[in-house]
Structures are given as structure tokens and as C-alpha cells.
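Asker: Dumping the structure here so I can ask a few things about it.
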Amino acid sequence: MTFLEHLTPSDETRMICEAAEKWTAGISDADVRASKGFSASRWGEMAEMGWHGLLVDPDHGGLGLDPAALSLLCQAIGRARLPEPFVSSSVVCVGTLSSLGQDVSALVDGSAIAAPAGFGLPCDGVSSGITATPAADGHHLSGTVDLCEAGPDTTEFLVVTAGGDALYRLPHMTPGLTVTPYGAIDGRPLARLAFDCHLPAEARLATGDAARAAIRRGNALAVSALAADATGTIEKAIGLTTAYIDERSQFGRPLAAFQALRHMVADLLVELEAARSMTELAAFAASDDGDPKQLHDRVRARICRAAQSVGHAAIQLHGGMGMTDEMAIGHYFRRLIFLQAMMGQEAGALRDRAATLAEEIELQREVAQ
Amino acid sequence: MQDTNSQTPYEERDHIDLLLDDDLRAFRRDVRAYLRDAVPEETRNRIDRGYAPTKSEIADFLAKLAARGWTAPAWPVEYGGTGWTQLQRMVFSSELARNAAPGIPPFGVSMIGPVLYTFGTQAQKDKYLPGILSGEDFWCQGFSEPGSGSDLASLRTKAEDKGGHYLLNGQKIWTSKAHYADRIFLLARTDEAPRRQGGISMFVLDMDTPGIVVKPIVAIDMNHSLNEVFFEDVKIPADGLVGERGKGWDYAKFLLGNERTGITNVGRCRRQVERLKRLARTDLIPGVDLSKDSAFLRDLARVEADLTALEISEIRILSQGKNGPSAMTGPSVLKLASAQIQQTLAELIVSTLGHYAAGRGAEFIEAFDDLGGLPTDFVDGALNEYLFGRSVSIYGGTNQIQRDILARAALETRP
């Protein structure tokens, strides 16, 4: 598939996205606030629409769509700022487990919710402090994962070891697993996990290269989904902001009549276009099994900067009202902060890309000599 | 002598690779092979270093393109275009930049050519199009005036209908290449109209017509490419009027709309990124290894991410066509993003030159002859590009005009 073909959504993709638009349009800001981080009924409706199996082969009960469709769906989720762990469970865990030929039927039908621990969220590599040692009839896991998108409704974990060389699947009630909940900046539930667990042999899904490939797959899908989520969030934040300054008057005319403010809005459109482009690139790069890291580092860097500058300008343009929790804009700003953290921040993404640039320069130096 | 300019076998896949199927890959091979031979090594090196191509370098290159029928790829086939798809044209322009080719001057091919074959008379098409296609006729653009820059519709140059000819009086400014152009297309006021845009007409005129005086403007890079053009009782033959009298403003908008494909300069930017990587492995400043300088690498990574986004945006917006969702905002978004990136790249190169950035010109280069060509390769031309590159955010609608356009699209309120 070439990039242009990727840019043209299939009929099936178009249909599910139209349905997504229609569904999210019926979800109000008050609904989202009221759900306090998770709505079981919304999760069920997502299941009915097939979202949790978006990437899963039709033979296994999924829709069999590609990252391009995922990207459009995540933009709609971002625009509506839905707090459910769609990226964690339905993208990262389902994607990773499917790539290993694991049963994902309970995740697809919405009766189970999985959380990745040590990869996926955040998506910039392996963030696990867990070591695994052989034990009688299985493995012993010890150590912590500091950020995991787990809440009261999480039913299982997909856990990676510190070196990224082994992957385990375990139920949330595993003895020896301590889940310490805390809230994310955008209101969704997170947790710190502490492991001192004995697991049966079959809990280990993959080791070595197979584990690394599965984790890479999970991270690649996460970059694509998070970038799309951020782009949808950015788009909505800009829409709220332009509506606000068209409406609000000072000095006898709408704020939007002042050129200094108009020019800030223009720069927001430039950021939005960059975010859209990087989102398309992220999905395209995640469409095959190759390693998209080099492109995804750039995607993360550019999306994070767009998220940050749009967030700042949107608050500034809302003036004092932008400082209140009452206005929706602050909630979108906080979602953007969360997404930047999950993408490793612009600084982290640039550091990663700078490292490969240094390698490229070194390689060129050797070739030239 | 250290080899700083040759292509290494290491070649990064660029955004164009994302687009290629087998047919396009074969097309690119053909274009790449032809362009490699069409651009002399010396020209390639000069352009790569940041020097503007000379008239004869441009003329030689256009002749080579004309031999393949490649001067005006976007024109309809009946007027001498190639019949290439949008994607083929994108590949072609990317290859022009990759080869550091002198480029196709926009004034004939992208600007007045399409106006003439769309609105011109048969006689005008017969007279002007062949010279544009062959690359023999150089054109310049007479739009801006001393009192009419961003506010172009306020222009005051006057063309009076004298029955059988128009009498032209006034002055144009910022006229690129007027000092060696053969012909000019220009806007002049022919009538008083209720709307100021209404009384404006477009004309084509030979530059050797009596009464035209060209005066150079030396730019901040101390080079001469800009001019003032004065018209004193210049007789424009009646057949120099383009299309209908009083519709010049519409043709000008049409002309600028056609310019959209060339504005991003992504190919040149990609080449600049590669130059920065090459610069990073030289020892221009003793004791400084840029490949281990985290601030430099971070700056490079940032502008590279910006460039990647721009490359993808260009593909997305061009592939949507003139009726796509970004038709209104696309050109301004691309122009703003591109100006930012081009200027950042030039700044980044200059910032790595240390005290060498203070030197300038042929004597400076000779004074460091023993350093293995390093200042020659990187300093003088980079300063040209840095200085003249300040104009990227001014010409073709300043950044502020582009922001006005974007705000108009995003907001209900009118200023």
C-alpha cells in the first residue's frame, strides 16, 4: 500500500467513523464529567459497535480494520475526550495479544479490560522495573511499574520485564500483586503496580525476540492511537477557542476582531495541520510489521509540541475564564498534558531522535573516510 | 582535500518513498538519471552551497529540460505539458531539489503561462508560449509598487487607452530578475471603478520597449536579484492586454493560485538537513564535534520533525485538490510552516559556523584555501541563504497576511 492509498479510507472505515461521529456527538461535556473516568455503559456501547475488535481478524470476532481506521476512531474519541481506556485495552493489549495468537475474545466483547504494564502507555519504550526469575512450576515476578492505566474495572494485566525480553499475562486478582490507585491529570484512573507474584509457566506469553517484537507492535499502535487522540483533542480545543472569542466581547467588539488574537488562531491552524499530518504518518508507519520507531520519534516530537502550544494558546485566548474548571477548555488542556506524558514529551522524543541522528552522522563519517 | 560535498552511499528514504509504486519508482529512476547528467557538477555544488544560479546556468538547464519536454510539467498536454499525474509532478520537483538543479523560474512557467493559455488570445498563445517552453524567454513579474506591497489593490501604475495602444506610466518594485528578463507581465490601472480591484488590467510587454528603465536594488545579502522598474510613456500595443480589460485582479488571483505547488521548497529543505548532517561530521571548528553536541542534535531533530510534518502536509493538501477541505487554508498553512522551517534551517547552519560566519566573499574564501575547502563549502553560500532567506516570510504574502487569511477561515467575526 502506498501512502496515498492509505489516505483514502475504505467504505468500511468510512462507515464506522460516521457511526463514531454520530455516537460521540450525543455525549455531552456533562456526561463525560459525570462518568468520573469510566462509564461501563459507554464501554458496552463501544463493544456493540465493534471498536474493541477493530484491529482483530474477522475470524476471531473483530472488524479486521487497519491503523488508518483506528486513527480516525481515536480522533473522534479525543474530540469527545472520552476517558475510557480504549488505547490501553483495545489497542495496545488487543493488538499485542493478537500478534501473539492469544485469545482476545473477552476483550473484544467488552466483558474484560486489560492494561499494559511497562509499555504501550507510555509508548516510548519499556518503562518497567520488573524482574522475572524461574520458580517452581513457573516464574516469580518482582518489582514495580509506576504508571499503568488500571482502574476498578480492569480485569487483567499484560506485563513486560525491565529489559523488554519477556511478556506475561495475569488476572488482576493475582496474589502478590499490589495495585495502588491514583488519578491521572485528566481524571482517568491510573495505578502503581508492585509485583511479588508467583505465576504459572503458561502466564509467560513470549520471550526474547518474540517478546520484543510484540512490545514494539504494542508501542507502534499506541503511538498511532495517542497521536490521533491528541489531534482530535487539539481540533476540539481550537473549535472551543474560536467559538469563545467570536462570542466574547471587550472594548465594544468581539475578541475575534483583534488582530493579535486572530493571528494566534492562525498559528493554531498551522499546528493542527502538522498534527493531522503526523497522525497520518504514524498510522501509515504502524500499518506493517516493520520498525516505525525512527518515524514515530518525529511523530511524538511534533505532536507533543502541537499539543503544548495549542493548549497554552487556547487557555490564553479564553482569558480568565480559561483558568476555571467550569470551562471545558481546561479539561481538553489537561487531556493534552496527559497525552504528552504518554508520548514521552517533546523533549524525550527529540532526545530519542537525536540519538539516532548521532548514529547516522557517525555512519556517514565512516563511509566518507 | 576533505570530501564534504559528495553524496554518500547512505541515503535516507524520504517522504516521496512513501508514495511510490513500481511505475513511479521507474519514473523516478528515469528523471533522476536524466537530471544527474543535465546539471553540471560545478552548478550543482554552487547551488548546494547556497548560491543563486546564474542566468546562463538556468538557461542551460532549461534547454536540457526542453529537450525532454519537461519545462512545464503542469501545463495541459495540448499546450506542451507532460500529462504527468500530480504524483509524478511531485516526484519530479523533489528530484529537481535532490539534484540541486537550478530550478524552473516560476514567472513564465507557473505564473503567466497558465494565464495566457487560459485567458489569452490565440495570437498571444502563439507568440509567448513557445519561448516559455523552450526556456529562451525570461519573464519578470510587475505587481508590487512602492506604495502597494501587501495592499496590492492600491496600485497606481496607469495604462491609458489611447486607441490602438495603451500609454503606461508608473513604477514597479521588488521585480526579481528584471535586469535580465526579456518580457514582463504587469498589473496597471486602466479605469476608475467603484471597487479598487475593478479598474485593474493585466498586460504583457517586451522589456526592450522604449521608456522602460530598470534600476538594481542591492539586497541585504549584498547581491543583485531585485529591481525597480520605471515606466515613462511606454506604449503597450493593444494586443498586450491579457483577457478582458478590468479583469486583471481576477487573473492575478488565478495566477497566484497556480503558484501553490511550488511554495514549500521541501526538497531544498531536505537537502539542507542532509547538509547539516555533513557539516556535523567535519572539523570546521577545531575541538567541536557537533555529532556529540546534544543541543545541536536536538535542534536538528526538531526542525527535521517539522519538515517531516510539512512534507506530509504537502502530500495531503495537494492530493485533496482544489475542492478539498483544506483548499482555503492549505496554501497559507504550507507557506507559514515552510517559511519557518527554511529560516530555522538557515539559522541552524549559521549558528554552527562560529566565528567563520563573520567572513564574506571571494577573498575570505581564498584566505582559508588551505583548510580543505571547509569555509568554501559551508560558509559564504550559507550566509547568502541566511540573509536572503529572511524574505521567505515576506514575499508571496507576508506571514502576517497568511495569518489574516487563516483567521478569516477560522473565525466568524470580521476584523
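Asker: Taking interchain pairs and intrachain pairs at least six residues apart, which have beta carbon atoms under 7 angstrom, with the first residue in the stretch B:381-403 and more than 10 Å from residue B:342 (Cβ to Cβ) and outside the structural domain of residue B:221 (by TED's automatic domain parsing) and the second surrounded by 20 or more Cβ atoms within 10 Å (Cβ to Cβ) and of a type in the set (Ser, Thr, Tyr)?
Answerer: As it stands, the answer is B:402/B:332, since those pairs meet every condition given.
Asker: Follow-up. Which residues, counting only those in the stretch A:256-266, are at the interface with chain B (Cβ under 7 Å from one of its Cβ atoms) and closer than 16 Å to residue B:401 by Cβ?
Answerer: Of the stretch A:256-266, the ones at the interface with chain B (Cβ under 7 Å from one of its Cβ atoms) are A:256-257, A:259, A:262-263, A:265-266.
Listed by number, the residues that qualify are A:259, A:262, A:263, A:265, A:266.
Asker: Looking at the structure I just gave you, is residue B:82 in a helix (DSSP H, G or I), in contact with a Pro (Cβ under 8 Å, 6 or more places away or on another chain) and more than 22 Å from residue B:186 (Cβ to Cβ)? Before you say what the answer is, go through the steps one by one.
Answerer: Values: in a helix (DSSP H, G or I): no; in contact with a Pro (Cβ under 8 Å, 6 or more places away or on another chain): yes; more than 22 Å from residue B:186 (Cβ to Cβ): yes.
Judged against the criteria, residue B:82 is not a match.
Asker: Quick test for you: out of A:275, A:355, pick the one residue that is outside the structural domain of residue A:78 (by TED's automatic domain parsing), of a type in the set (Gly, Ala, Ser) and closer than 26 Å to residue B:314 by Cα.
Answerer: On the way: A:355 fails: closer than 26 Å to residue B:314 by Cα.
Just one listed residue meets the conditions, A:275.
Asker: Right, next: Based on what the data block shows, is residue B:43 surrounded by 21 or more Cβ atoms within 10 Å (Cβ to Cβ) and either within 28 Å of residue B:130 (Cβ to Cβ) or at pLDDT below 90 (or both)? Give the derivation first.
Answerer: Working: surrounded by 21 or more Cβ atoms within 10 Å (Cβ to Cβ): yes; either within 28 Å of residue B:130 (Cβ to Cβ) or at pLDDT below 90 (or both): yes.
Against the criterion (surrounded by 21 or more Cβ atoms within 10 Å (Cβ to Cβ) and either within 28 Å of residue B:130 (Cβ to Cβ) or at pLDDT below 90 (or both)), residue B:43 qualifies.
Asker: Sticking with this structure for a sec: Restricting the search to the stretch B:297-308, which residues are over 13 Å from residue B:16 (Cα atoms), within 7 Å of another protein chain (Cβ to nearest Cβ) and not acidic (Asp, Glu)?
Answerer: Within the stretch B:297-308, B:297, B:298, B:300, B:301, B:302, B:305 meet the criteria.
Asker: If you scan the stretch B:202-226, which residues turn out to be among the charged types (D, E, K, R), part of a strand (DSSP E or B) and in contact (Cβ under 8 Å) with a residue 24 or more places away in the chain? Even if it seems obvious, please write down each step before you answer.
Answerer: First, pick out the residues of the stretch B:202-226 that are among the charged types (D, E, K, R): B:206, B:208, B:215, B:221.
When the remaining residues are screened for being part of a strand (DSSP E or B), the result is B:206, B:215.
B:206 - this is the single residue of the stretch B:202-226 that is among the charged types (D, E, K, R), part of a strand (DSSP E or B) and in contact (Cβ under 8 Å) with a residue 24 or more places away in the chain.
Asker: Looking only at residues in the stretch B:391-415 that are outside any helix (DSSP H, G or I) and more than 22 Å from residue A:249 (Cβ to Cβ), which one is farthest from the other protein chains (Cβ to nearest Cβ)? Steps first, please.
Answerer: Quick first cut of the stretch B:391-415, residues outside any helix (DSSP H, G or I) only: B:394-398, B:411-415.
Next, only the ones that are more than 22 Å from residue A:249 (Cβ to Cβ) stay: B:394-398.
Working: B:394: 16, B:395: 18, B:396: 16, B:397: 12, B:398: 11 Å.
Filtering the stretch B:391-415 for residues that are outside any helix (DSSP H, G or I) and more than 22 Å from residue A:249 (Cβ to Cβ), the one farthest from the other protein chains (Cβ to nearest Cβ) comes out as B:395.
Asker: Given the criterion out of contact with any Cys (no Cβ under 6 Å at 6 or more places or on another chain) and part of a strand (DSSP E or B), identify the matching residue among B:198, B:170, B:163. Let's see the steps before the verdict.
Answerer: Numbers: B:198 fails: part of a strand (DSSP E or B); B:163 fails: part of a strand (DSSP E or B).
Of B:198, B:170, B:163, the one residue that is out of contact with any Cys (no Cβ under 6 Å at 6 or more places or on another chain) and part of a strand (DSSP E or B) is B:170.
Asker: Another question about this same structure. Which one of A:41, A:71 is surrounded by fewer than 15 Cβ atoms within 10 Å (Cβ to Cβ), among the polar types (S, T, N, Q) and in a helix (DSSP H, G or I)? Let's see the steps before the verdict.
Answerer: Details: A:71 fails: surrounded by fewer than 15 Cβ atoms within 10 Å (Cβ to Cβ).
Of the residues listed, the single one that is surrounded by fewer than 15 Cβ atoms within 10 Å (Cβ to Cβ), among the polar types (S, T, N, Q) and in a helix (DSSP H, G or I) is A:41.
Asker: A follow-up question, please. Kindly evaluate residue A:66 against the criterion of being assigned by TED's automatic domain parsing to the domain that holds residue A:19, among the acidic types (Asp, Glu), surrounded by fewer than 24 Cβ atoms within 10 Å (Cβ to Cβ) and touching a residue at least 40 places away in the same chain (Cβ under 8 Å).
Answerer: yes
Asker: Write out, first by first residue and then by second, each pair whose Cβ atoms fall under 8 Å of each other, whose residues are 6+ apart or on separate chains, and whose first residue, in the stretch B:139-159, is free of Cβ contacts under 8 Å to residues at least 24 places away in the same chain while the second is loosely packed, with under 15 Cβ neighbours inside 10 Å.
Answerer: B:147/B:154; B:147/B:156; B:148/B:154; B:148/B:156
Asker: Taking the stretch B:56-79 on its own, how many of its residues are within 16 Å of residue B:33 (Cα to Cα), in a loop (DSSP other than H, G, I, E, B) and either within 14 Å of chain A (Cβ to nearest Cβ) or touching a helix residue (DSSP H, G or I) at 6+ places or on another chain (Cβ under 6 Å) (or both)?
Answerer: 0
Asker: Also, quick follow-up: Among the residues of the stretch A:327-369, count how many are assigned to a helix (DSSP H, G or I) and either within 14 Å of another protein chain (Cβ to nearest Cβ) or more than 22 Å from residue A:147 (Cα to Cα) (or both). Quick ask: steps written out before the conclusion?
Answerer: In the first step, residues of the stretch A:327-369 are kept if they are assigned to a helix (DSSP H, G or I); the result is A:328-342, A:345-368.
In the following step, the residues that additionally are either within 14 Å of another protein chain (Cβ to nearest Cβ) or more than 22 Å from residue A:147 (Cα to Cα) (or both) were identified as A:328-330, A:345-368.
Residues meeting the conditions: 27.
Asker: Within the stretch A:277-297, track down each residue that is within 7 Å of chain B (Cβ to nearest Cβ) and either farther than 17 Å from residue A:221 by Cβ or over 18 Å from the mean Cα position of the chain (by Cα) (or both).
Answerer: A:277 - this is the single residue of the stretch A:277-297 that is within 7 Å of chain B (Cβ to nearest Cβ) and either farther than 17 Å from residue A:221 by Cβ or over 18 Å from the mean Cα position of the chain (by Cα) (or both).
Asker: Please work out which one of (1) more than 10 Å from every other protein chain (Cβ to nearest Cβ); (2) closer than 25 Å to residue B:82 by Cβ; (3) at pLDDT 70 or above is the condition residue B:18 fails and give its number.
Answerer: Every listed condition holds for residue B:18 apart from (1).
Asker: I've got another one for you. Which of the residues that make up the stretch A:206-216 are surrounded by fewer than 20 Cβ atoms within 10 Å (Cβ to Cβ) and not small (Gly, Ala, Ser)?
Answerer: Matches in the stretch A:206-216: A:207, A:209, A:212.
The values are calculated or read from the model by the stated rules, or taken from the named source; none is laboratory data. All figures in this text were calculated on a predicted structure; none of them were measured in a lab. Backbone-built Cβ (ideal geometry, glycine too); neighbour counts: all protein chains shown.
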